[in-house]
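What follows is a set of notes on a single structure, which appears directly below.
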Amino acid sequence: MLIQIRNCAKENTYRIEKSTSALIKGVAAILMLVHHMYTFPGWVVAGAYSVDPVFAQLFRNPTRICVGMFAFITGWAFVLKKEKTLGHVLQKIATLYTEYWVAFFVLFLFAFSACGYRPGVGTVLAEMTGFSGELMLFCWYVPFWAAAVLLLHGIRKVLDQSFWWALLGGIVFPIVIFAVAERIIPVKSIATLVNHLKHFFPCVAVGYICCRYNVFEILRVALQRINRLIVLVLTVILVSVSRYYITAADFIYSPMLIFAIANAVQGGKKIKAARAVEKLLQIFGKYSANIWYLHCVVFSTVTNRVVQPYVYWSANPLANFVGMLFFILLISYVLSFVDRFFLEFMRRVKNALFLDAAKHDSGNDAL
């Protein structure tokens, strides 16, 4: 097994295509919305729909695999980046926060004007960093992602040593260290971040490991005689049942589920309807970050009583889900243009600053 992993690391033959990665994010985004819309009865305070408590109990734990899926893709993509310098990592974090701030200020203006939201300066700053869930209820993932990619950059040389060092340095040691750290850190917001790192950084590390050591190619070869759709269905059932009982093993569940999806999508012929569903999921994946940010407004105690009558307008849960998904998708599409404007502006400012610095250095050299 060790020889096989080493050989596969050199061959590096397995690829998750960009379109497949978007599709996986789309699946994760849908699971996230189902998780929040239909598995917490106490969160629905207005509208024509009441959450089915049996459905909520059965699917609350399984649908939260969405976080592990997003985290896994982060680690996988990190391996494929040509630039892995600290400056590049900080640039990616700046990009993430820029897009987050665009969504935050849109929701802040809505909450301020329509819901009477009047937070203090400290709360606004905490919201902007992702450390407050008063309005941006689910955006703890923003500081988590920033901390996770910084940590991944810091330990990647350990992860590159060998497969077994990668397992220790990416999974075992972080779980132990973060479990101890969260108990001794006195600041609640930081302790919460550490708790999220304990649970979900191993998923990031496993994504890195699976890509770096070509684990999916080993699985593909081992399962190539079994129908891909059967593998997918059995994996979904196994992951769902397992996570219902044991929630602390997303670093195992997420690669299983993502491999099964990628294996099914990237192999064999597809009927027209299947290709259409794939395209739709890819669109959801493309805008998954804004979908994550924007749906906070539905459940935040600041805005929920104003927004939920329009989200849960029907007694039919599917109608509510489809309506909300496409409405958020529309807003996400519009916000993407605002994101591009600010990111292009930042790029030009950065280029101008570096160009001026280069000219200044050239002038000093000439003197």
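Coordinate-derived values only; no laboratory data. These figures come from a predicted structure and were not determined experimentally. Positions of Cβ are backbone-derived with ideal geometry, glycine not excepted, and every protein chain shown enters the neighbour counts.
Observations on the structure shown:
- Cα gyration tensor shape of the range 25-111, rounded if a/c is under 1.5, else prolate or oblate by comparing a/b with b/c: oblate
- Interatomic Cα distance distribution for the range 27-67, bins of 10 angstrom, percent: 33, 53, 15
- Taking the average, over residues, of other Cβ atoms within 10 Å as the packing measure, peptides 328-339, 21-32, 211-222 rank 21-32, 211-222, 328-339 from highest down.
- Cα gyration tensor category, rounded, prolate or oblate, for the range 144-246 with a/c compared to 1.5: oblate
- Look at the alpha carbon pairs under 8 Å that are at least 6 residues apart: their mean separation over the length of the range 48-205 gives a relative contact order of 28 percent.
- Phi angles across the range 285-296 convert, under the Karplus curve 6.51 cos²θ - 1.76 cosθ + 1.60 with θ = phi - 60°, into 3J(HN,Hα) values of x, 4, 10, 4, 5, 5, 4, 4, 5, 5, 6, 4 Hz, Gly and Pro given as x.
- For the range 116-198, the Cα-based Rg and Dmax, in that order, read 15.7, 55 Å.
- Couplings 3J(HN,Hα) for the range 309-316, derived from phi with the Karplus relation 6.51 cos²θ - 1.76 cosθ + 1.60 (θ = phi - 60°), are x, 8, 7, 9, 6, 10, 7, 8 Hz, where x marks Gly and Pro.
- Kirkwood Rh in Å, taken over all unlike Cα pairs in the range 186-267: 14.1 Å
- The Cα atoms of the range 1-153 define a convex hull whose projected area, averaged across directions, is 12.9 nm².
- Distant alpha-carbon pairs in the range 192-234 (separation over 11 angstrom), percent: 72 percent
- Between the listed residues Y141, P62, M128, the Cα displaced farthest toward the positive end of the dipole of the chain, a dipole computed from Cβ unit charges relative to the Cα centre, is found at P62.
- Charges were assigned to the Cβ only: +1 to each Lys and Arg, -1 to each Asp and Glu. The resulting dipole of the chain about its Cα centre is roughly 920 debye.
- Remark: the range 251-310 carries a charge dipole of roughly 300 debye about the Cα centre, counting +1 on each Lys and Arg Cβ and -1 on each Asp and Glu Cβ.
- Couplings 3J(HN,Hα) for the range 202-212, derived from phi with the Karplus relation 6.51 cos²θ - 1.76 cosθ + 1.60 (θ = phi - 60°), are x, 5, 4, 4, 5, x, 4, 5, 4, 6, 5 Hz, where x marks Gly and Pro.
- For the range 54-134, the Cβ-based charge dipole about the Cα centre amounts to some 280 debye (Lys, Arg positive; Asp, Glu negative; other atoms uncharged).
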